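What follows draws every value from the coordinates through simple rules; no lab data is involved. Here the structure is a predicted model, which means the values were calculated and not measured. A quick note on method: Cβ atoms are made from the backbone with ideal geometry, for glycine too, and the neighbour counts reach across all protein chains shown.
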Amino acid sequence: MKRVIYALLLIVFFVGCADKKPPIYTKSYHATLISPMIKISDVAFLHVHDKFLNMQIYSFGVNTADIKISKNICLNQSCLNQSKFNERFFLARHYDGLLAEILTAKPIFDKDSLIKTQCGFNQNIKKNFIEYEICAGNIKFIDTKNKIKIVLKEL
């Protein structure tokens, strides 16, 4: 009987661990996120997986903010659909996928006002009061109207 129980525990252990895939890539940043929802500036790790993103921000070795982006966006295990999250974080009804595009340094708003530079690109989207710049692995998103700031400096 004990052998059967041990065998079942081993099977559960190996099957449970086998499903977790490592990230496609991980980057480390000094992250500054300022919005009504969160104000934080510290070391962050961005883990990019096939179907989701996970940004973990640490302060003195303690995970102070854990942001997971998939179908929903979860901040410290409190999840909202992307539209509702955008309303609270950006104070605007931006399109789903905006935060993921910013964190992965992709053009936003269908490349509106995109200007390529020597080290990346920038977008000055005047109708939304947004300045967005990618340069040498660094990311800067500033919404001057709503006072939202996301700055990621690669370590």
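Just a few scattered comments:
- Given the chain, longest segment not containing exposed loop chymotrypsin sites (Phe, Trp or Tyr not before Pro) (DSSP; at most 16 other Cβ within 10 Å): 1-51
- Between the residues Ser78, Ala136, Leu53, the greatest Cα displacement towards the positive end of the dipole of segment 21-154, with unit charges on the Cβ of Lys, Arg, Asp and Glu, is found for Ser78.
- Relative to the Cα centre, the charge distribution of the chain, modelled as +1 at Lys and Arg Cβ and -1 at Asp and Glu Cβ, gives a dipole magnitude of about 240 debye.
- Part-to-part distance (alpha-carbon centres) for segment 30-46 and segment 128-155, which is given in Å: 12 Å
- By other beta-carbon atoms within 10 Å, ranking Ser83, Ser78 with the fewest at the front produces Ser78, Ser83.
- Correct choice for Cα Rg over 2.2 N^0.38 Å that was computed from the model, options (i) 1.26; (ii) 1.03; (iii) 1.92: (i)
- Dipole of segment 21-154 computed with +1 at Lys/Arg Cβ and -1 at Asp/Glu Cβ about the Cα centre; of Phe89, Cys119, Ile67, farthest Cα towards the positive end is Phe89.
- Among Lys127, Lys39, Lys140: highest mean-square fluctuation, GNM of the chain, C-alpha pairs under 10 Å: Lys127
- Burial ordering of Ile57, Ile115, fewest other beta-carbon atoms within 10 Å first: Ile115, Ile57
- Percent RCO, i.e. relative contact order, over segment 21-154, from Cα pairs under 8 Å lying at least 6 residues apart: 19 percent
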